[in-house]
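Working notes, structure below.
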Amino acid sequence: MNFYSPEKGIWALIIGGMFIFPIGTLIGKLIGIKGEHDKNNALGKLAMEGTIWMIVCIPLAYGLSLIKVEWFFQGMLMIIGGRYLNFASIYGMRTYWLLGAVLILAAYALFFMHASIFASAFTGGLIETIFGISIYVSYKSDKKIY
């Protein structure tokens, strides 16, 4: 039985992506992080609008995979990277501009290098993990939570 296939990787990202917010919120609460934007922030609604835009773009990435399966993950890196650019305004952290730019540039590089599915998915996961850890460490040192 084949447990690994490009299609299973695509569906894992799509379905797993649906759980990022609820699981992230739960983990944040467990470790003492609210993860909310300032209620006075006029751009607060941009978070939901950006989410809707990202969801609307996922079929585009899926369509790319029908042409060349590797392009799905590269397309998703661009879509997700573009969404992070909004987070700098919403949450007041310029780190999100860097994260978005790194994801978008990685997508372009992977495309021009004709990278494999694994390399594209792994690169995106690695970038997200590194930034996630660095954002948490930065938050922890600023807020002095223990």
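For the range 123-146, which positions are surrounded by fewer than 14 Cβ atoms within 10 Å (Cβ to Cβ), within 13 Å of F73 (Cβ to Cβ) and modelled with pLDDT of 95 or more?
Across the range 123-146, the qualifying residue is only L126.
Quick one: I23 ticks every box in (1) at pLDDT 85 or above; (2) touching a Ser or Thr at 6+ places or on another chain (Cβ under 7 Å) except a single one, so which number is it?
So I23 meets the others, but not (2).
Using beta carbons and a limit of 7 Å, which pairs, at least six apart or on different chains, have the first residue in the range 2-19 and within 18 Å of E70 (Cα to Cα) and of a type outside the set (F, W, Y) and the second one modelled with pLDDT of 85 or more and in a loop (DSSP other than H, G, I, E, B)?
What qualifies is P6/V69.
Out of F87, F72, report the one residue that is part of a helix (DSSP H, G or I) and over 13 Å from the mean Cα position of the chain (by Cα). Step through it out loud before you land on a result.
Numbers: F87 fails: over 13 Å from the mean Cα position of the chain (by Cα).
Only one candidate qualifies: F72.
Determine whether the range 79-95 contains at least one residue that is modelled with pLDDT under 90 and among the basic types (K, R). Talk me through it step by step, then tell me what you get.
Just the residues of the range 79-95 that are modelled with pLDDT under 90, to begin with: 86-94.
If we keep only those that are among the basic types (K, R) as well, we get 94.
Yes, some residue in the range 79-95 is modelled with pLDDT under 90 and among the basic types (K, R).
Of these, L77, L99, which one is of a type in the set (A, V, I, L, M, F, W, C), part of a helix (DSSP H, G or I) and without any contact (Cβ under 8 Å) to a residue 40 or more places away in the chain?
Exactly one residue qualifies, and that residue is L99.
In the range 22-48, what count of residues is obtained for those that are without any contact (Cβ under 8 Å) to a residue 12 or more places away in the chain and part of a helix (DSSP H, G or I)?
10
Would you be able to tell me the number of residues in the range 7-26 that are closer than 24 Å to M76 by Cα and more than 13 Å from the chain's Cα centre (by Cα)?
To start, the set of residues in the range 7-26 that are closer than 24 Å to M76 by Cα comprises 7-25.
From what's left, more than 13 Å from the chain's Cα centre (by Cα): 7-12, 15, 22-23, 25.
Of the residues in that region, 10 qualify.
Which numbered condition in (1) β-branched (V, I, T); (2) closer than 24 Å to S141 by Cα; (3) at pLDDT 90 or above is the only one that V56 fails?
(2) is the only condition that V56 fails.
Show the residue pairs that are 6+ apart or on different chains and have beta-carbon atoms under 6 Å apart, the first residue being within the range 128-146 and more than 24 Å from L103 (Cβ to Cβ), the second being outside any helix (DSSP H, G or I) and modelled with pLDDT of 75 or more.
I145/G32
The values are calculated or read from the model by the stated rules, or taken from the named source; none is laboratory data. A quick note: this is a predicted structure, and the numbers were derived from the prediction, not measured. Reconstructed Cβ throughout: ideal geometry from the backbone, glycine too, with neighbour counts over all protein chains shown.
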